[in-house]
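Shown next, in structure tokens, is the structure this report addresses.
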Amino acid sequence: MQLSREALQRAYRQMKVIREFEERLHLEIQTGEIAGFTHLYCGQEAVAVGVCEHLGSEDKIVSTHRGHGHCLAKGCELNGMMAEIWGSREGLCKGKGGSMHIADIDKGMLGANGIVGAGAPIAVGAALSARIDGKGPDGFKVAIAFSGDGACNQGTTFEAMNMAVVTQAPCIFVFENNHYSEHTGVDYAVGTAKDIASRAEAFGMKVWRADGTDFFAVHDTMREVLAFVRAGGGPAAVEFDTERFFGHFEGDPQRYRGKGEIDRIRETRDCLKNFRASVTGAKLLTDADLDQIDRQVLASIDAAVVAARAADRPTPEDVLADVYIAY
Amino acid sequence: MAQMMYRDAVLSTIAEEMERDSNVVVLGEDVVGGMGTAGGPEAIGGIWSTSTGLFGKFGKDRVIDTPISESAIIGAAAGLALAGKRPIAELMFADFIGVSLDQIWNQTAKFRYMFGGKTKCPVVIRMAYGAGYNAAAQHSQSVHQILTGMPGLKVVMPSTPADVKGLLRTAIRDDDPVIFLEHKALYAMSGEVPDGPDHTIPFGHARLSRAGEDVTIISSGLLLGFCEAVADKLAAEGIGCDVIDLRTTSPLDEEAIIDSVEVTGRVVVVDEAPPRCGLAADICALIAARAFASLKAPPQAVTPPHTPIPFARELESAYLPSVDKIEAAVRHVLGWR
């Protein structure tokens, strides 16, 4: 299906926001200003955006430790996220969560997660809620569990896939295979010949596979997947083959990478470059259109960093707030 | 007032709350029972008979029979709660927290705080705990000391059918995650239960089940009854015991404990969980810090030894706190100096 000019601009803008958000964090982290662990999503933008462009706020997603892209794609506010990563009380989680725990329940973003594989059961619960609520005019609302090739080895993920099939929950397991679980290759750690989708298939789900660096492949695939699940076909799974441009965490020396590997994937497997080549080649958008978006995005990231730096810091009293609603 | 068994108080409260609020849903292993068998749905109806008939009444969307997947049960309950439902997850045996602890501890308990107070997580996790059935080391444990140590959770351990009714209703209506611990040996206990849909018992309010001025005995769950037996025996000798039923270990009614000890100056804490880093030690430390000047004897703890729970009848009996052991501890503090 041919996307409108507006939809193409929006998709590119969303991917570019994620890219520049992460590239900027990569620089800022080196100054020591940002506390804690940060895991960057650069390289995988086409997956988050290609999936979330199909979703409404009543559809839910559950994310991972590498969650900034999913959050931004699902509509979390840029300044609130930047402020959260800066540990400000003006952050989306008031500085209580940080990079690994960004959530915005009202937007249907049920949390990034510091525990690999913990998200899939939570997504099944959100999908069961959608099943209870029943079909609307567009079918069931859905819940999406984003998982990596690391999480596909966790028992929680297996339990969740089986339970989704048994309960026919409108849940979609999106596996982003970026070829590395932390510092270990998929060739070693995934026993099913690097193939994650076949595992979901073995649990009784319909599965799809696509190139996760190609926005159009992701978007087209997800249109089919969502039509199937929203109609009541049961849970489904998709494996996207993608690339991680940075290390597992910021500061990772990445000695496990092949010689020239990062230069090569940045050259040939960059979803933004490929998107630009595709839409300008087909004369759907011009370089000038995209350059303008680039400038706007960079300005918005600059503004978010300035705002995060100036935002209120939490106080010692805030430690005690929000453990319980009433205790 | 109706006469009712502890297990029936669980079941009737769940049914009443499901009737009252369509967001209340139940999930767990065999909560329907018999799914996929010749016997058909409800051939069992839950191994504790605490979900019997719910499936027929409320249907498959609200009574969700799950595979044996404890992590996914708790995770799904958390996801249901984040999406606006009020799930009651049954974990069957409390010992199974071992396979689902991440979802209890790192997920459900922490969402509200980690997300800056912008969500609630109204999950009730029910589980049967406790020894007395020779069920050995993996089906007999008291786990409240582990869960009480986790910020974000509330922990409830009722000792009577009436308290099941009032505390479970509070748990289901509470917007925070609640661990609801049901003692296996109490399921068949019968007692008076207040009528009416609004009988609730607030968390953090202990119950004084016996009143006296000579010694304070603190407990909850099955052992509360053992403490009452000791108090009744000593009452015949003219010795008065305050017997405090904690009802909830998180929140803990510190004031009820301190107020009593300030009068009696002598205290025995009785707990079914292992002694190290446990509830009894926690309460003794609280008393030492806040009521030191009132103490007439060192606080005593009666707990099992620091061992796994043994199987054989003689061994389990030797392991567990008993009426005799509690009585000996009470006489020890009474006879100090």
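The values are calculated or read from the model by the stated rules, or taken from the named source; none is laboratory data. Remember, predicted model here, so these are calculated numbers, not experimental data. Neighbour counts are summed over all protein chains in view; Cβ atoms, including those assigned to glycine, are modelled from backbone coordinates with ideal geometry.
Observations
- None of B:F93, B:F115 is touching a Cys at 6+ places or on another chain (Cβ under 6 Å) and in the same structural domain as B:V164 (by TED's automatic domain parsing) except B:F115.
- Restricted to region A:195-218, and to residues there that are buried (at least 21 other Cβ atoms within 10 Å of the Cβ) and of a type outside the set (A, V, I, L, M, F, W, C), the residue that is nearest to A:L8 (Cα to Cα) is A:D214.
- Top-ranked residue in region B:83-98 [being out of contact with any Ser or Thr (no Cβ under 6 Å at 6 or more places or on another chain) and within 11 Å of chain A (Cβ to nearest Cβ); ranked as farthest from B:L168 (Cα to Cα)]: B:G84
- Residue list for region A:151-194, filter: among the aromatic types (F, W, Y) and buried (at least 24 other Cβ atoms within 10 Å of the Cβ): A:F173, A:F175
- Residue identified as under 24 Å from A:V229 (Cβ atoms), within 13 Å of chain B (Cβ to nearest Cβ), of a type in the set (A, V, I, L, M, F, W, C) and not in a helix (DSSP H, G or I) among A:A112, A:A120, A:A127: A:A112
Okay, residues lined up against (1) surrounded by 24 or more Cβ atoms within 10 Å (Cβ to Cβ); (2) in a strand (DSSP E or B); (3) out of contact with any His (no Cβ under 8 Å at 6 or more places or on another chain); (4) not assigned by TED's automatic domain parsing to the domain that holds B:L181:
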residue	(1), (2), (3), (4)
B:D198	no, no, yes, yes
B:P202	no, no, yes, yes
B:T216	yes, yes, yes, yes
B:K233	no, no, yes, yes
B:P274	no, no, no, yes
B:C277	no, no, yes, yes
B:A288	no, no, yes, yes
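- Just one of (1) more than 20 Å from the chain's Cα centre (by Cα); (2) part of a strand (DSSP E or B); (3) within 23 Å of B:G130 (Cα to Cα) fails for B:V25. It is (3).
- Count - residues of region A:234-281 that are under 30 Å from A:L128 (Cα atoms) and within 21 Å of the chain's Cα centre (by Cα): 8
- Long-range neighbours under 6 Å by Cβ, at least six apart or interchain, first residue within 21 Å of B:I74 (Cβ to Cβ) and within 14 Å of chain A (Cβ to nearest Cβ) within region B:9-28, second in a loop (DSSP other than H, G, I, E, B) and not aromatic (F, W, Y): B:N23/B:K85; B:V25/B:R62; B:V25/B:K85
- Considering (1) over 22 Å from A:C271 (Cβ atoms); (2) touching an Asp or Glu at 6+ places or on another chain (Cβ under 6 Å), the lone condition that A:G148 does not fulfil carries the number (1).
- Matching residues in region A:292-327 - criterion: being within 13 Å of another protein chain (Cβ to nearest Cβ) and either of a type in the set (A, V, I, L, M, F, W, C) or within 26 Å of A:M15 (Cα to Cα) (or both): A:V319, A:L320, A:A321, A:V323, A:I325, A:A326
- Taking the listed residues B:G33, B:G56, B:G84, B:G39, the one that is without any contact (Cβ under 8 Å) to a residue 24 or more places away in the chain, surrounded by fewer than 24 Cβ atoms within 10 Å (Cβ to Cβ) and part of a loop (DSSP other than H, G, I, E, B) is B:G39, with no other qualifying.
- Residue check, B:I74 within 11 Å of chain A (Cβ to nearest Cβ), under 21 Å from the mean Cα position of the chain (by Cα), modelled with pLDDT of 95 or more and surrounded by 24 or more Cβ atoms within 10 Å (Cβ to Cβ): yes
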